[in-house]
4 protein chains.
Amino acid sequence: MAGQAHRGRFEHSATVRFHEVDRAGIAFFGRAFEYCHAAFEELLAATGLDHVLDGGAWRLPLVGAEADFRRPMRMGDRLRVELEVAGLDERSVTFRFTLRGEDGDVRATVRHVHAAVDADSYEPITLPRELAEGLARLSLIEDEG
Amino acid sequence: MAGQAHRGRFEHSATVRFHEVDRAGIAFFGRAFEYCHAAFEELLAATGLDHVLDGGAWRLPLVGAEADFRRPMRMGDRLRVELEVAGLDERSVTFRFTLRGEDGDVRATVRHVHAAVDADSYEPITLPRELAEGLARLSLIEDEG
Amino acid sequence: MAGQAHRGRFEHSATVRFHEVDRAGIAFFGRAFEYCHAAFEELLAATGLDHVLDGGAWRLPLVGAEADFRRPMRMGDRLRVELEVAGLDERSVTFRFTLRGEDGDVRATVRHVHAAVDADSYEPITLPRELAEGLARLSLIEDEG
Amino acid sequence: MAGQAHRGRFEHSATVRFHEVDRAGIAFFGRAFEYCHAAFEELLAATGLDHVLDGGAWRLPLVGAEADFRRPMRMGDRLRVELEVAGLDERSVTFRFTLRGEDGDVRATVRHVHAAVDADSYEPITLPRELAEGLARLSLIEDEG
């Protein structure tokens, strides 16, 4: 179930569950954001950065999200969620996700923009270096060395 | 709980629930899309178009969604969700949502793009006239004469 | 949207949302527990005890839950959630919930058993007196004199 | 990710996700029912009975559910969900689930009672023979021969 880094991207899988589909047997669109966030959670776990989500000194809340839905995701579909780093600056990191069916067809593309904040004040901070280091370790960004 | 049309927009309310917040007591970002979709559901109910979501001949799946998250939505927050029509063409309708706290402060802005499809084939169709008529009846778009 | 105390019970309302129903247009059974928990949240808010859910010194996690599902809850249904106190002892409080449709028909009955724990250690503690006092204030239990 | 039959029980795994935990970093209790239902979905897929959830002639809605929560399920926990058949009669089937952490410790036990209904009328029907056959094929019940 855990994701893996693979040629400049990190991959994770998700199965569309009964409680996630709607009247038409199709995943409610909001579920796509959950599948992508799960891939991000596995990415953090793979870099030892899961404290960011669970009581650490800084956090990475979403400040923006967008999605294009190309084809329905149906109950039971085994999805491949591909995560790539689309941007990284002083304050934020942007992930691009591609959700594919087992046939490789794109079902949706998603972008998440996360900004670093202090865990207590929720004030913006400079993106901690350990994040870029973790992303480089997984070959998701070029080594900054 | 039902929303109401009000000076060119439709309003709905939502309370941030315990099961919707995360480790930091803040609504998981994906919930914002659910709050907005609930406003859309109330809009459909107010225009007698709820069959669109529940077994009718055509449907209005999301083809795009985006959100900017400005300030945290915390557990127990009573949110006002304002819905406006941002665009309407042959094939799709775009809603713009503004989520505000009780103080009136903007917490997030969201856009949903819906396209009309045939309920069986899921092939795109021209937006049925009854939708524009319903939106006009609630003064969300100008009467088409 | 906030609940109210009423003849020995506390009432709350919930609308079955599109993202909560399944392939058959019926609320996924797990949603019933969310509707009931929302009533509990409103109860805590009404007694000024919401800190229990949000960073206070003690917490009230669920240690047991059960439900009987009598009739389907369908998309758009406006449900009345009635909360009563079914039991109260040194360590735990049990709530009984009745979910009714607009016609008054029972859709489901639910029981939640909550035990008091220390917020840090998660070790069981004696139910803090302020909880019984809050329940008495809303006439959900007899005054303890 | 798919479950497997194993010495009289069927096993599935689930990871506690960020959007499923609450303010204390602990899975909202209602998520346990979702993890168990996912195991049931994999069971149906393994027996070729997934049509029961997706447009077939009969359905298996929940008529009862109960859970005992023993120990917190925390964000990132890799859970093993063990499914066993606790009862089977003319009208209903009861599954018993045990949720364990990676250490083998029991986090929760859950029971789901499903009754067979006609997909259109939602009236109770005799449990179709193909269900018992499927359960026997996975060695979850004795062969009825």
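Any read-out appearing in this document is the output of simple, stated calculations on the displayed coordinates, not a laboratory observation. Fair warning: this is a prediction, and the values are worked out from it, not measured in the lab. Quick reminder, even Gly has a Cβ in these numbers, built from the backbone with ideal geometry, and neighbours come from all protein chains shown.
Some observations on this one:
- Evaluated at q = 0.11, 0.16, 0.26 Å⁻¹, a Debye calculation over the C-alpha positions of region D:33-111 (equal weights, vacuum) places log10 I(q)/I(0) at -0.32, -0.65, -1.32.
- Where chain C is rotated onto chain D, the residue of C whose Cβ comes nearest the axis, and that gap in whole Å, is C:Glu66, 2.
- Estimated distance in nm for a label pair at A:Tyr122 and C:Ala119, the labels positioned 7 Å out from Cα along Cα-to-Cβ: 1.7
- Computed from Cα positions, the angle between helix D:30-46 and the longest principal axis of chain D comes to roughly 40 degrees.
- Look at the alpha carbon pairs under 8 Å that are at least 6 residues apart: their mean separation over the length of chain D gives a relative contact order of 27 percent.
- Region C:93-142: C-alpha gyration tensor shape, a/c 1.5 cut-off, then a/b vs b/c: oblate
- Residue with peak Gaussian network fluctuation, chain C [Cα springs, cutoff 10 Å], from C:Ala57, C:Ala45, C:Ala27: C:Ala57
- Mean separation of Cα contacts under 8 Å, 6 or more apart, over the residue count of region B:101-145: relative contact order %: 18
- Each Lys and Arg adds +1 at its Cβ and each Asp and Glu adds -1 at its Cβ; summed about the Cα centre, the protein assembly as shown shows a dipole of about 0 debye.
- The dipole here belongs to region C:1-101: it is taken about the Cα centre, uses +1 on the Cβ of Lys and Arg and -1 on the Cβ of Asp and Glu, and is about 460 debye.
- Distances between copies at B:Glu66, taken between label points 7 Å from Cα along the C-beta direction, are 0.2, 5.2, 5.2 nm in increasing order.
- Theoretical ellipticity at 222 nm over chain D - DSSP helices of four or more residues, -39500 (n - 2.57) apiece, nearest 500: -5500 deg cm²/dmol
- Between copies, D:Gly104 shows label-point distances of 4.4, 5.6, 6.3 nm, shortest first, with the point placed 7 angstrom from Cα along Cα to C-beta.
- DSSP-assigned coil residues among GluC sites (Glu not before Pro) in region C:105-145, each with at most 13 further Cβ atoms within 10 Å: C:Glu142, C:Glu144
- Label point 7 Å beyond Cα along the C-beta direction, distances from A:Glu123 to other copies (nm, shortest first): 3.8, 6.0, 6.9
- Tensor-based shape of the protein assembly as shown (alpha-carbon gyration tensor, a/c under 1.5 rounded, otherwise prolate or oblate): rounded
- Shown here for region C:24-129: chymotrypsin sites (Phe, Trp or Tyr not before Pro) in loop regions (DSSP other than H, G, I, E, B) with at most 15 other Cβ atoms within 10 Å, namely C:Tyr122.
- Among A:Ala24, A:Ala116, A:Ala86, residue whose mean-square fluctuation peaks in a GNM of chain A (springs only between Cα atoms under 10 Å): A:Ala24
- Global geometry of region D:1-133, whether rounded, prolate or oblate, following the gyration tensor of its Cα atoms and the 1.5 cut on a/c: prolate
- Between D:Asp50, D:Asp77, D:Asp89, the GNM of chain D built on Cα springs shorter than 10 angstrom shows D:Asp89 fluctuating the most.
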